[in-house]
Each structure stands twice: as C-alpha cells, then as structure tokens.
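The values are calculated or read from the model by the stated rules, or taken from the named source; none is laboratory data. Bear in mind the structure is a predicted one, so any value in this text is a computation, not a measurement. All Cβ positions, even for glycine, are placed from backbone atoms using ideal geometry, and neighbour counts span all protein chains on display.
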Amino acid sequence: MKNLALLALLATTAFAQAPATPAKTFDMYFLDMEGGHATLYITPTGQTILIDTGSAGDRDHDRIMAALKDAGVKELDYLVSTHYHSDHIGGFDALLKDVPVKHFIDHGTSIEMDRPVVAQFQKHYDDTTTGKRTIVKPGDKIPVTGLTALVVTSHSKVLKTPLPGAGKPNAACATFEPRDESRIDPDNPNSVGLLFTYGKFRTINLGDFTWNVEKDLMCPNNPVGTVDLYLTSHHGIDQSGSPALVHGLRPRVTIMHNGQRKGGVAQTYNTLYSSPGLEDIWQLHWAFAGGTEYNAPGRFIANVEEPAALANILLNPPGAGRGRGPGPGPGVAAGAPPTPGAAPARGPGGGGRGAGHDGPAFWIKVSAKADGSFTVTNTRNQFTKSYAAK
Ligand SMILES: [Zn+2]
C-alpha cells in the first residue's frame with residue numbers, strides 16, 4: 001500500500017510538472033514589399049488570411065511564398081484586397097497561380113474606373129473571383145475560426161456602432177485639421193480595414209485609409225477602442241496616420257511597412273513618438289526620409305541598406321529633403337544614387353536597386369496569445385521582444 005501511495009504521489013507530481021500544452025497563438029507575418037503591402041494572418045485554429053499581394057513581379061511574390069512556406073501554409077482561406085492599387089494587388093495573378101484561395105474579400109468596385117489600367121484589372125478581378133467573392137461593409141465579420149476579424153472601414157464607410165467598452169470621446173480629435181485630399185488617389189480611403197481580436201489581443205490594419213476619413217472613423221467618439229498592435233497606415237506616409245487615429249487607438253507597438261524611400265517621414269514618426277502608451281516602433285525597412293534622427297534603433301528594423309548607402313546617410317548632415325516624404329533622401333549628392341545599381345546583390349538586405357532591393361527580404365513576425373501578451377521578432381537579427389499582458 002505504501003508503495004502504491006508513493007507511486008500515486010509520484011504520478012501526481014509528474015503530471016503536475018508536465019509541460020502544459022503550448023498555448024495556441026495568433027501569428028502574423030509582416031512582409032517587406034518595399035513600400036507596398038502584404039501581411040499574412042494565421043488564426044489560432046490555423047485558418048489563413050492574406051491581406052494584399054504587394055507589387056507585380058517576382059520580388060514581392062517570392063517573398064510572400066517564402067512566408068507561406070515558413071508558416072506551412074499551402075492554401076489561403078481568405079485573400080483580402082484592401083483597394084486596387086498596384087502596390088497592393090500587383091501580385092494577385094502570381095499568387096493565384098501558386099496558391100489556392102478559397103474566398104476573396106474587397107470593398108467593391110474601384111472608384112478609379114476612368115483609369116484604363118484600373119478598369120482592366122477590375123474586370124479581370126471580377127471574373128476571377130466570381131462565386132468566391134464577398135464585398136464587405138463596416139460591421140461585417142470575416143467568418144474565420146479562432147478569432148474575430150471585424151471590418152471597420154470599407155468603401156469610405158466606417159464603423160459607427162461602438163464595440164463593447166469603446167465609444168468614448170476621443171481627446172485627440174480636438175486638434176484635428178482636415179486636409180485637401182483632392183490630389184490623393186481616390187481608392188485609398190476606400191481601403192478595407194480590419195480589426196483582429198484574439199482574446200485580449202487586438203490589432204488593426206487599415207490599408208491606405210487616409211487622413212480625412214480617419215476623422216470619420218475616430219471622431220468625436222472612438223468606436224474601436226485601443227489596440228495592442230497598429231500597422232502604420234499607408235506605409236507611414238503623411239497622407240494618413242493623424243493623431244486622431246493613432247493617439248485614439250493608443251497602440252503599444254506599431255509596425256511600419258515603409259519602403260526605403262516611401263513613408264517614414266518626420267510627421268509620421270512625431271505622431272508615433274508622442275502617442276500615449278507607445279512602447280516601440282518596428283519597421284520593415286530603414287526609411288531614408290527619417291534619417292538617423294527618426295528611424296527606430298537598428299534592431300527593430302527588418303531590412304537595412306547596403307553599407308555604402310548607410311555610410312552616406314551617417315556621414316552627411318541632415319538635408320533639406322529630410323521629413324518631406326518620398327523623394328531624394330538627406331545627404332545624397334545630386335547624380336550620386338544612394339544605392340549603386342552596380343553593386344552585386346548580397347542576399348537579404350543587400351544589393352539595393354532603384355526604389356528597393358531585389359531578392360529575399362526579412363519579415364517581422366508577431367505571435368500573440370489570448371491573454372493579450374505578444375512577441376515580436378525581427379528575422380534579420382533574431383531580435384525578439386515580448387510584451388507582457390496588461
Ligand atoms: Zn499603398
């Protein structure tokens with residue numbers, strides 16, 4: 001009897017000490033599309049949502065395929081096209097050649113049908129997605145399992161009914177200044193925007209949603225509430241990312257999907273750095289416009305320039321070009337391309353050419369748990385940071 005009791009005790013102890021089943025995570029791959037956009041979301045039950053497909057050509061397609069391979073994803077449950085711009089839907093055909101997609105989500109017909117290339121793509125998209133397409137409006141949910149994927153913006157309409165616990169006045173609206181958006185490509189504010197909620201963890205992706213409609217969404221009351229992780233809207237360019245949006249959402253962490261020369265402007269950084277509760281900025285790319293003054297510390301940046309380009313930035317004082325958005329970066333002498341096209345590609349992060357570098361690139365991976373904690377990893381240097389549940 002004694003021995004049996006001891007055995008029972010041992011068994012109980014062993015059971016108590018056995019590692020618990022690993023908690024299921026909500027995984028996200030933020031991909032470097034050189035200033036375009038593609039983000040892969042994998043729900044805790046293994047369902048998949050890809051938002052956008054980057055630009056046309058092998059570069060972005062190969063990077064998307066690399067992420068799908070890493071995640072063990074062979075088919076997509078949903079492909080969300082935020083809007084019909086080439087840096088978001090350019091990889092549509094290439095993706096469909098290689099990956100079965102079960103359902104397509106979008107905001108409806110582009111309002112740029114007067115542009116022949118848009119009208120042509122729209123017809124192709126409509127034909128390709130027939131029978132598998134859902135046009136969404138704010139308040140709709142993408143019927144994935146394991147988490148909630150709520151549409152908060154679509155076709156320039158915004159969520160009006162506050163989510164549980166949200167709907168409070170947004171103090172950041174007091175200083176909102178409307179912009180003249182007559183010269184902004186009009187499909188941007190039509191972007192499908194999604195709020196993902198997994199237990200206590202919340203993250204938002206608004207595509208290229210623009211400044212003035214941010215006010216429609218967030219003012220005077222904020223129907224969304226706060227988020228843990230915010231994908232810096234519109235690649236971090238200054239047509240989006242108002243304090244009304246960012247300070248209203250109060251993200252703990254932001255990931256900016258800027259390109260080398262797209263996004264990462266001073267205004268965007270200033271709004272982020274002054275956002276209450278923001279702990280870190282992660283970037284898919286070093287941003288020329290931000291220079292050394294604004295870019296996040298290197299360990300938070302997934303893709304950096306080749307040494308010659310970086311040296312050029314570091315050794316030259318801030319130039320007049322800094323902070324003005326896409327365009328020549330600071331300290332770049334006229335006629336001297338900052339990323340010599342002749343330089344051989346050196347794998348990820350190297351071999352800059354024109355508006356971006358070719359070949360593979362590093363991604364930023366996020367894994368979130370239902371308790372609200374999450375971990376962000378930069379695959380260039382394996383720098384990982386965990387954010388405890390609050
Ligand atoms: Zn874009």
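How many residues, within region 31-57, are within 16 Å of the ligand (Cβ to nearest atom) and within 18 Å of the chain's Cα centre (by Cα)? Number satisfying all stated conditions: 15. Within region 208-227, the presence of a residue that is at pLDDT 95 or above, closer than 26 Å to S386 by Cβ and of a type in the set (D, E, K, R) is excluded.
A count restricted to region 252-286 and to residues that are closer than 23 Å to T226 by Cβ, part of a loop (DSSP other than H, G, I, E, B) and of a type in the set (D, E, K, R) stands at 2.
Tell me, yes or no, whether region 107-126 has at least one residue that is of a type in the set (V, I, T) and surrounded by fewer than 13 Cβ atoms within 10 Å (Cβ to Cβ). Yes; the residues of region 107-126 include at least one that is of a type in the set (V, I, T) and surrounded by fewer than 13 Cβ atoms within 10 Å (Cβ to Cβ).
Residues checked against (1) modelled with pLDDT under 95; (2) polar (S, T, N, Q); (3) under 27 Å from K137 (Cβ atoms):
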| site | (1), (2), (3) |
| --- | --- |
| A18 | yes, no, no |
| F30 | no, no, yes |
| M33 | no, no, yes |
| Q47 | no, yes, yes |
| A67 | no, no, no |
| G91 | no, no, yes |
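Suppose the filter is away from the ligand (no atom under 16 Å from the Cβ) and either touching a Cys at 6+ places or on another chain (Cβ under 6 Å) or assigned to a helix (DSSP H, G or I) (or both); does D60 pass it?
Values: away from the ligand (no atom under 16 Å from the Cβ): no; either touching a Cys at 6+ places or on another chain (Cβ under 6 Å) or assigned to a helix (DSSP H, G or I) (or both): yes.
Spelling it out, it is not the case that D60 is away from the ligand (no atom under 16 Å from the Cβ) and either touching a Cys at 6+ places or on another chain (Cβ under 6 Å) or assigned to a helix (DSSP H, G or I) (or both).
Restricting the search to region 74-107, which residues are among the small types (G, A, S) and within 14 Å of the ligand (Cβ to nearest atom)? I'd like the intermediate steps shown before the answer.
Residues of region 74-107 among the small types (G, A, S): 81, 86, 90-91, 94.
If the condition is that a residue be among the small types (G, A, S) and within 14 Å of the ligand (Cβ to nearest atom), then S81, S86, G90, G91 are the ones that fit.
Within region 63-90, the set of residues being assigned to a loop (DSSP other than H, G, I, E, B) and either farther than 30 Å from I184 by Cβ or among the polar types (S, T, N, Q) (or both) comprises G72, V73, K74, E75, S81, T82.
Which fully enclosed strands (runs of 3 or more DSSP E) of region 187-238 have 2 or more residues being within 15 Å of the ligand (Cβ to nearest atom) and among the hydrophobic types (A, V, I, L, M, F, W, C)? Per the criteria, no element qualifies.
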